[in-house]
Amino acid sequence: MKKEEIGLEEALDSLEQIVEVLEEGKMTLEESLDLYEKGMKLVKLCNARLESAQRRIECLTGELPPDLS
């Protein structure tokens, strides 16, 4: 599944699992870095999804973001 197809909830679940594995500390440095990188991509995806949802809500309610008012 491409990251663009992952929903917010699924991305958050994956991120939670990554954090748990990293906290165990049983991986090699390289494996940890790869997993950390995957986690950061998921964080960016989640932020983008949340920002998109916020923009949609603002459009539907007619409210302008504070930085535009």
Could you check the spin-label model distance between residue 26 and residue 60? Points 7 Å from the Cα along Cα→Cβ, value in nm. 4.3
For residue 6, distant residues with modelled amide H under 5 Å away: none
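For a quick protection proxy, order the peptides 36-42, 55-61 by their average other-Cβ count within 10 Å, most packed first.
Details: 36-42: 14.4, 55-61: 10.0.
Top to bottom by mean Cβ count within 10 Å: 36-42, 55-61.
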Return the sequence-ordered ³J(HN,Hα) values of segment 36-50 in whole Hz as given by the Karplus equation 6.51 cos²θ - 1.76 cosθ + 1.60 applied to θ = phi - 60°, using x for Gly and Pro. 4, 4, 4, x, 5, 5, 5, 4, 4, 4, 4, 4, 5, 5, 5
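Bear in mind that the values in this text are calculations on the coordinates, not laboratory data. Quantities reported herein were computed from a predicted structural model and do not represent experimental measurements. Positions of Cβ are generated from backbone atoms using ideal geometry, with glycine treated the same way; all protein chains shown enter the neighbour counts.
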